Amino acid sequence: VPISKSTLWRQVRARSFPSPVKLSAGITAWRAEDVRRWISEQGGS
C-alpha cells in the first residue's frame, strides 16, 4: 500500500483502513483479504 506509516495508522484510528491483527508483542499484520478489499474500494486494481 503506497502510503506512509503515519498515514496508515491515522486511517486505522479513523476506521478508514482495516484494523490490524497483533501476532505478538512486536509483530502486527493485516489480513490480506481485508487489505485487498480496501484497495478495491479505493478504486485500485
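Could you give me the residue pairs with C-beta distances under 8 Å whose first residue belongs to the range 3-18 and is closer than 13 Å to GLN42 by Cβ and without any contact (Cβ under 8 Å) to a residue 60 or more places away in the chain, whose second residue is assigned to a loop (DSSP other than H, G, I, E, B) and basic (Lys, Arg) wherever it lies, and which are 6+ apart or on separate chains? The qualifying pairs are PRO18/ARG31. In the range 4-20, which residues are more than 10 Å from the chain's Cα centre (by Cα) and not in a helix (DSSP H, G or I)? Residues satisfying the conditions are SER4, ALA14. Here is the figure for the range 29-45: residues that are without any contact (Cβ under 8 Å) to a residue 12 or more places away in the chain and either under 9 Å from the mean Cα position of the chain (by Cα) or exposed (fewer than 12 other Cβ atoms within 10 Å of the Cβ) (or both) total 9.
Read the figures in this text as sums done on the coordinates, not as results from a lab. Quick caveat, the model's predicted, so the values are computed rather than measured. Every residue, glycine as well, gets a Cβ built from its backbone with ideal geometry; the counts of neighbours run over all protein chains shown.
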